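Enquirer: There's a structure below that I have some questions on.
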Amino acid sequence: MHHSRVLAATLALFTCLSISSCKKETEIQIKEVEKKYSWTEVSGLIGFERIILSTGSNGQSIYLQQPYYFTRLNTLNRNQGMVVAGGILNGDLSVRLAIGREFFAYPATDSLLIICRNNEPTNNNYEAYVQLRRLDPNAIRFNTRVFNPISKCTAINQNNYLLMSYDNNRPDRPITFLLTAVTPGVPGTRVVASSQRIEIPNSGTGFGAFVRNMAAIDDYFLVYISGAGIYKIKQNGTFRQVYSPATVDAFYKWNNTVYAPVEYNQILTSTDNGETWQLSTGTPDHFTLANYYTVGDSLVGVFQSNLFSLRWNGPRFTSRFLKNDGLERARITGIETLRDTVYVATTSGLFARPIKQFFETKK
């Protein structure tokens with residue numbers, strides 16, 4: 001009997017302690033603290049609209065190319081300053097288009113190029129149409145794939161000339177381009193386009209030669225053809241080779257000098273608008289396969305999800321990585337500035353940061 005009373009008291013005490021312990025556990029509240037990132041995603045885009053392939057700006061609005069969509073943004077309010085036009089572009093993620101200040105062009109089929117104003121992308125009454133095979137019966141298709149994953153298959157210079165390469169079935173297989181002079185016009189009128197073809201002989205480059213990348217610099221174009229080198233194409237259609245073979249990944253101009261990063265750890269520079277070039281060595285790996293943008297009065301490079309500032313002094317340079325927390329899992333496809341905000345377009349959303357904080361160093 002004595003043992004039974006002791007056992008009962010022990011069980012009661014254990015039960016009391018267990019209940020007390022349970023009460024204390026249920027009173028514990030775990031609060032999650034939301035991590036704040038340097039870059040904040042713009043919430044107005046949804047679904048495929050968040051996959052941004054290319055960007056452009058006229059200083060008043062930002063333009064975004066997405067699979068199936070083309071977006072104009074001048075505020076972050078979708079109901080006021082964000083206009084998303086759907087159903088005009090295809091869903092091919094490898095087709096990235098240059099977007100000029102007033103217009104852009106996209107291949108609707110293998111041989112039909114449509115040119116439309118940025119602010120009227122869906123109005124068929126105002127578009128210009130270029131039939132490639134009428135200009136060149138030997139044309140096969142527009143070349144929409146270039147080597148660098150974020151390079152663009154079209155280029156638009158400061159005078160509204162558009163350059164795009166295409167494939168042909170001639171026996172000698174020259175490297176062929178469509179060069180189009182565009183008159184954007186004013187809203188409510190038709191865009192006017194006049195095209196010519198350019199043929200660069202394939203002599204010595206082999207039948208595997210292809211356009212690796214191209215860019216508009218001021219009033220001309222620079223094109224790197226694999227196995228052949230750099231060609232300068234003027235807006236009147238004339239061209240010439242300006243540098244012998246070197247694996248060039250990009251072209252950009254900064255402070256009256258044109259730069260062309262070369263694989264690997266080399267840089268070509270030109271101070272006479274791409275007519276002659278000098279080769280220097282010693283550049284870091286992240287200059288290769290990077291793209292370059294102007295933010296304020298500074299030069300900024302992009303490699304995948306990384307941002308870095310870059311300052312040149314002749315062949316010498318200084319560079320530092322910038323804060324990119326919030327962007328780590330994205331691939332950056334464009335940088336635009338609108339008023340006091342920098343917008344970074346990626347394959348997983350549009351992100352924003354005040355320009356006064358943009359150049360903070362990554363720690």
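The values are calculated or read from the model by the stated rules, or taken from the named source; none is laboratory data. Just so it is clear, the model here is predicted, and its values are computed rather than measured. Note that we place each Cβ from the backbone using ideal geometry, even for glycine, and neighbour counts take in every protein chain shown. Side chains are part of the model used for accessible areas, which takes the heavy atoms of the whole protein and leaves out ligands, DNA and RNA. Shrake-Rupley method; radii C 1.70, N 1.55, O 1.52, S 1.80 Å.
Enquirer: Filter the stretch 269-285 for residues that are open to solvent by less than 70 Å² (accessible area, probe 1.4 Å) and outside any loop (DSSP other than H, G, I, E, B); which is farthest from Phe239 (Cα to Cα)?
Expert: Going through the qualifying residues, I end up with Ser280.
Enquirer: Now for a different question. Among residues belonging to the stretch 122-142 that are assigned to a loop (DSSP other than H, G, I, E, B) and modelled with pLDDT of 95 or more, point out the one that is surrounded by the fewest Cβ atoms within 10 Å (Cβ to Cβ).
Expert: Here the answer is Pro137.
Each row is one residue, and each column tells you yes or no for (1) within 20 Å of Pro354 (Cβ to Cβ); (2) out of contact with any helix residue (DSSP H, G or I) (no Cβ under 9 Å at 6 or more places or on another chain); (3) part of a strand (DSSP E or B); (4) modelled with pLDDT under 85.
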residue	(1), (2), (3), (4)
Ile30	no, yes, no, yes
Phe48	no, yes, no, no
Arg72	no, yes, yes, no
Thr75	yes, yes, no, yes
Arg78	no, yes, no, yes
Val84	no, no, yes, no
Val95	no, yes, no, no
Arg101	no, yes, no, no
Asp110	no, no, no, no
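Enquirer: Does any residue in the stretch 251-274 that is free of Cβ contacts under 8 Å to residues at least 40 places away in the same chain and over 16 Å from Tyr231 (Cα atoms) come within less than 7 Å, Cβ to Cβ, of a residue that is open to solvent by 60 Å² or more (accessible area, probe 1.4 Å) and of a type in the set (Val, Ile, Thr) six or more places away or on a different chain, and which pairs are these?
Expert: Asn256/Thr271; Asn265/Thr281; Gln266/Thr281
Enquirer: Residues to consider are Ala128, Ala139, Ala181; find the one that is out of contact with any Gly (no Cβ under 9 Å at 6 or more places or on another chain) and within 19 Å of Leu89 (Cα to Cα).
Expert: Matching residue, one of Ala128, Ala139, Ala181: Ala128.
Enquirer: Under 7 Å between Cβ atoms, which residue pairs at least 6 apart in sequence (or on different chains) link something in the stretch 189-201 that is closer than 11 Å to Asn236 by Cα and open to solvent by 70 Å² or more (accessible area, probe 1.4 Å) with a partner that is in a loop (DSSP other than H, G, I, E, B) and of a type in the set (Gly, Ala, Ser)?
Expert: Gln196/Gly237
Enquirer: Check whether at least one residue in the stretch 317-329 is touching a Ser or Thr at 6+ places or on another chain (Cβ under 8 Å), touching a residue at least 24 places away in the same chain (Cβ under 8 Å) and on the phi > 0 side of the Ramachandran plot, and report yes or no. Steps first, please.
Expert: So the first thing to find is which residues in the stretch 317-329 are touching a Ser or Thr at 6+ places or on another chain (Cβ under 8 Å), and the list is 317, 319-329.
Subsequent filtering for residues that are touching a residue at least 24 places away in the same chain (Cβ under 8 Å) retains 317, 319-327, 329.
Of the ones still in play, those that are also on the phi > 0 side of the Ramachandran plot are 326.
So far as the stretch 317-329 goes, yes, one or more of its residues are touching a Ser or Thr at 6+ places or on another chain (Cβ under 8 Å), touching a residue at least 24 places away in the same chain (Cβ under 8 Å) and on the phi > 0 side of the Ramachandran plot.
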